[in-house]
1. Any idea what the alpha-carbon Rg over 2.2 N^0.38 Å comes to for the stretch 64-119?
2. Would you please classify the overall shape of the stretch 11-119 from the alpha carbon gyration tensor, given that a ≥ b ≥ c denote the square roots of the eigenvalues, rounded means a/c under 1.5, and beyond that prolate means a/b larger than b/c while oblate covers the rest?
3. From the phi of every residue in the stretch 96-112, what ³J(HN,Hα) in whole Hz does the Karplus formula 6.51 cos²θ - 1.76 cosθ + 1.60 yield, where θ is phi - 60° and glycine or proline is x?
4. Between the stretch 48-75 and the stretch 92-118, how many Å separate their Cα centres?
Amino acid sequence: MKKLLLLLLCVPLIGIGQKAGCISGDCKNGYGTYDWSNGDKYIGEHKNGLGHGIGTYTYPSGTKYVGAFKDGLYNGQGTKSFGKGSGFEGDRYVGEWKDNKKHGQGTYTIADGTVYKGL
């Protein structure tokens, strides 16, 4: 009986500090902050529960995309800066996106300073 009582008292503590979901604002149709349990975070405009409009998406590696979203995907003008552990640390792309892929005019800068411009 004591073990059962102890177990019941500890269960609510499981998951403390592991916020996931909409943590502030309106993540359905408005401006809000949404956290995923894997450490990803989106702050910005939402439509139908997805990133839609202008926002910032940050990954646990420190990689960050700031720009336009449509239906939860990078679409339009945006900047993606690559963080530690991404395999492209220090690189940055500024330009157009379509469905999470570089698309159209853009500038890719490698951490060593090499710059590529074009389509």
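1. 1.09
2. The shape class here is oblate.
3. Rounded to whole hertz, the list is 8, 10, 9, 6, 6, 10, 4, 7, x, 6, x, 10, 10, 10, 7, 3, 7.
4. Taking the Cα centre of each part, the stretch 48-75 and the stretch 92-118 sit 16 Å apart.
Bear in mind these aren't lab numbers, they're just calculated from the coordinates by the rules spelled out. Please read all numbers here as calculations on a predicted model, not as lab measurements.
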